[in-house]
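What follows is a short report on a single structure.
The values are calculated or read from the model by the stated rules, or taken from the named source; none is laboratory data. None of these values were measured; they are calculated from a predicted model. Note that we place each Cβ from the backbone using ideal geometry, even for glycine, and neighbour counts take in every protein chain shown.
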């Protein structure tokens, strides 16, 4: 987009009013002005000059000083009085000797003077000078106009106050916020009286309760910028109304809560009834019936996980709030391993911890454990009985690395690009067999990215896979590296002693056993179920029990 | 409150546990009377099967907070499982009223909730519950799971 006013800068010809009562000298100057590429308006005397100026709005006036009806001094004075919305350069011309009359003309409001007979080159230079100044001026005016238009059309209220907190400028949204009537003198009013906020007491950006002109209290984000004009400090405030956003957020939360409740309530009955049937509490089932009950149990578990995951994703995509806490990395890894232990044992897979780095990290603990549970359970799920999954971590100046490796079959290269997509699984029969939701890696990546990091994956079919995650470490500035490696080569590259384990694609484990023997956290889990759930928090005095989510992702 | 009181009011909930594959009674270790408050009839049935038939507890199943308030004095529960979202009196409201009963002093109360939002959990636990069990729960392990809360919250 060209800058506003561009057309007026540079070469735009001027419209020059030439006022002279003597036809010959009027023509002489007119010819010169045309030669220099400008257009000419002619006036035959002082009064005519004022008429033409009013009618034609010239850019520059060349004014003879001695005219019978109204002399140049009077015309200059009158033009200065009449033309107030713009700058109209007035150049007086005269053949009189001495400077006194020029000085007099300038004091009457003329801008410049030119002796007769006119030197053509001097006239050309002067006109070029006015052409440039006027070009710059209209460009500045257009910019200011554009900015005013933008500021006026912004939905947020913008107000400028002086050092005393008095309003000096405001946009339309601010006027609406003030609820000002047409005769209401806002300029000069104290902002604290109008909105109940004192700009001098506000930090740069804050949330404040603003009282609008109608007396409503609105929660707003207030951003303040302080600047100076003629050594006087001013503060410009931008006020963004959060009321509607808050309301939408609340409605969304309520809806999610209702969906969660309405889906889980019938599922609780189904899951419970099937589980009790399978447990044999009402009598032993025939083998075929047991098989069918197990199908129902397995799938109600899967549905339960899908509900959890879909709700989780909805929250993630809406922008989840992370609760960053400082924690020992080793403790987190130990907890993640403890959480997966039952599931791994059930699958005949051993989980080993090697080269655990000591150090503090700043993470959302629940979310971190959720990521680890996803990656670890994937590793276990894609391992065969007797194989080993290894987790290790390492610190570096930039951050920390954690690696998980397994001895699974690795990831099909054709599947690699879709690995982190929603409902991405290598094949549907795999999904049925392993009971995942196809959402685990998608959620993991979303969480990692939300924490300012990323996940990378490397894999070779038959040899293993590597998941690498980069996350902010201590505070948002530092970064730390979490690496879930699935093969020894990668671990070696990363300089980590780790056992070799190939891998596979990703999801979390089918919930442990069938309906009758669903996994539950051990006693150690009761204060914080290690398997991350959307709402899992550290609540030492108030345990949260989630039998079905206990050790999964 | 004598033992006959609760057996009278909750006799329909007692089931024969003999010969059932349930929790070994040695593990139950003292916890006997469990009250469940749940508005969903099917879930009530699951709770009753799980805790009475499988777990061998004396169970008093109530369909509303009001019913729980009426029956708690006679039943004298040692642990209460309380649904959070119920029409009429909600779980937290019920808990507040239950706590006013002399018989409920120091009795652990565990919320049952199908809501898993973090803020929900925190709100729920503000109300002085010993813990939360998230639905869907496992009816097979529930008899054992509640012992954790009983031991944890007993006498507090």
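Could you please give the count of residues in the stretch A:348-364 that are surrounded by 22 or more Cβ atoms within 10 Å (Cβ to Cβ) and outside any strand (DSSP E or B)?
At the first step, the residues of the stretch A:348-364 found to be surrounded by 22 or more Cβ atoms within 10 Å (Cβ to Cβ) are A:349, A:351, A:361, A:363.
Right, trim to outside any strand (DSSP E or B) and you get A:349.
Total satisfying the criteria: 1.
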| query | Looking only at the stretch B:104-125, which residues are buried (at least 17 other Cβ atoms within 10 Å of the Cβ) and modelled with pLDDT of 90 or more? | reply | B:104, B:107, B:108, B:109, B:110, B:111, B:112
| Unmet requirement for residue A:158, which otherwise passes all of (1) closer than 30 Å to residue A:33 by Cα; (2) in contact with a helix residue (DSSP H, G or I) (Cβ under 7 Å, 6 or more places away or on another chain) | (1)
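Answer yes or no as to whether residue A:322 is in contact (Cβ under 8 Å) with a residue 60 or more places away in the chain, part of a loop (DSSP other than H, G, I, E, B) and touching a strand residue (DSSP E or B) at 6+ places or on another chain (Cβ under 8 Å). Give the derivation first.
On the way: in contact (Cβ under 8 Å) with a residue 60 or more places away in the chain: yes; part of a loop (DSSP other than H, G, I, E, B): yes; touching a strand residue (DSSP E or B) at 6+ places or on another chain (Cβ under 8 Å): yes.
For residue A:322, the condition - in contact (Cβ under 8 Å) with a residue 60 or more places away in the chain, part of a loop (DSSP other than H, G, I, E, B) and touching a strand residue (DSSP E or B) at 6+ places or on another chain (Cβ under 8 Å) - is met.
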| Do you know which residues across the stretch B:29-69 are surrounded by fewer than 23 Cβ atoms within 10 Å (Cβ to Cβ), touching a helix residue (DSSP H, G or I) at 6+ places or on another chain (Cβ under 9 Å), more than 14 Å from chain A (Cβ to nearest Cβ) and part of a helix (DSSP H, G or I)? | B:66, B:69
| task | Could you check, for the stretch A:220-241, whether at least one of its residues is more than 22 Å from residue A:151 (Cβ to Cβ) and surrounded by 12 or more Cβ atoms within 10 Å (Cβ to Cβ)? | result | no
| message | Checking residue B:156 against (1) modelled with pLDDT of 85 or more; (2) in a loop (DSSP other than H, G, I, E, B); (3) farther than 30 Å from residue A:252 by Cβ; (4) within 11 Å of chain A (Cβ to nearest Cβ), only one condition comes out false. Which one? | response | (1)
| said: Exactly one of these conditions fails for residue A:67: (1) surrounded by fewer than 20 Cβ atoms within 10 Å (Cβ to Cβ); (2) under 20 Å from residue A:117 (Cα atoms). Give me its number. | reply: (1)
| query | (1) in contact (Cβ under 8 Å) with a residue 24 or more places away in the chain; (2) in a helix (DSSP H, G or I); (3) away from chain B (no Cβ under 14 Å): which one isn't true of residue A:245, the others all being true? | reply | (1)
| task | Go over the candidates A:189, A:173, A:214 one by one and state the one that is under 19 Å from residue A:244 (Cβ atoms) and surrounded by 16 or more Cβ atoms within 10 Å (Cβ to Cβ). | result | A:173
| query | For residue A:407, all conditions in the list (1) touching a helix residue (DSSP H, G or I) at 6+ places or on another chain (Cβ under 7 Å); (2) surrounded by 18 or more Cβ atoms within 10 Å (Cβ to Cβ); (3) at pLDDT below 85; (4) outside any strand (DSSP E or B) hold save one; what is the number of the exception? | reply | (1)
| note | Going through the stretch B:80-89 in order, the residues found to be within 13 Å of chain A (Cβ to nearest Cβ) and either in contact with a helix residue (DSSP H, G or I) (Cβ under 7 Å, 6 or more places away or on another chain) or at pLDDT 95 or above (or both) are B:81, B:83, B:84, B:85, B:86
| said: Test of understanding: among A:146, A:132, A:116, which residue is touching a residue at least 40 places away in the same chain (Cβ under 8 Å), touching a strand residue (DSSP E or B) at 6+ places or on another chain (Cβ under 8 Å) and surrounded by fewer than 17 Cβ atoms within 10 Å (Cβ to Cβ)? | reply: A:116
| Just wondering, is there one or more residues in the stretch A:223-239 that are within 14 Å of chain B (Cβ to nearest Cβ), in contact with a helix residue (DSSP H, G or I) (Cβ under 7 Å, 6 or more places away or on another chain) and either within 24 Å of residue A:203 (Cα to Cα) or at pLDDT 85 or above (or both)? | no
